[in-house]
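Okay, so here's the structure we're looking at.
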Amino acid sequence: MQHRGEIIKEAVYKSGFSITELAKRLGKSRRWVYLMFENNSVSLDVILQIGKIIHHNFTKEIKDLYPLKKALIDSSSQQSDETSNEYWKNKYLRLLEEYNTLLKENKNIPEN
């Protein structure tokens, strides 16, 4: 069986991310982080959380993550339109065009 703690430890050290900052972002103590490095069976949730913090994809090193990661990607691809970047970009552009039109119309109004 893979030693998940050692895999995480190696990835954290390679990332250059400080243990103090990692512990802070996890809401844990530095001692907890060092104990986690010694843990053979770190939970998949914690691994995903650490991966997100240090910008590391653990699916290559930890085989159990692949199905979970795939399920997360599939569920996130089914987001509503309001959470997509494209939706908000288009909304912003529409509002900007309306704003510019109103500005042009107000320039033609004589002041009292």
Practice prompt. Would you mind getting me the FRET efficiency between residue 35 and residue 90? Use the beta-carbon distance for r and R0 = 41 Å, nearest 0.05.
Written response: 0.30
Worksheet item: Using 0.36 nm per residue, how much length does the chain from residue 49 to residue 98 gain when fully extended, once their Cα-Cα distance is taken away?
Response: 13.5 nm
Item to complete: Could you pull out the pairs from 24/91; 28/52; 63/89; 52/91; 14/89; 60/89 whose alpha carbons sit more than 26 Å apart here?
Response: 24/91; 63/89; 52/91; 14/89; 60/89
Discussion item. Using a 7 Å offset from the Cα along the Cα-to-Cβ direction at both residue 15 and residue 106, what is the distance between the two label points in nm, to one decimal?
Written reply: 4.7
Worksheet entry | Residues of region 7-53: accessible area per residue with a 1.4 Å probe, Å² | 60
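The values are calculated or read from the model by the stated rules, or taken from the named source; none is laboratory data. Source: prediction; values computed, not measured. Neighbour counts run over all protein chains shown; Cβ positions are idealised from the backbone, glycine included. Ligands, DNA and RNA are excluded from the accessible area calculation, which covers all protein heavy atoms including side chains. Shrake-Rupley method; radii C 1.70, N 1.55, O 1.52, S 1.80 Å.
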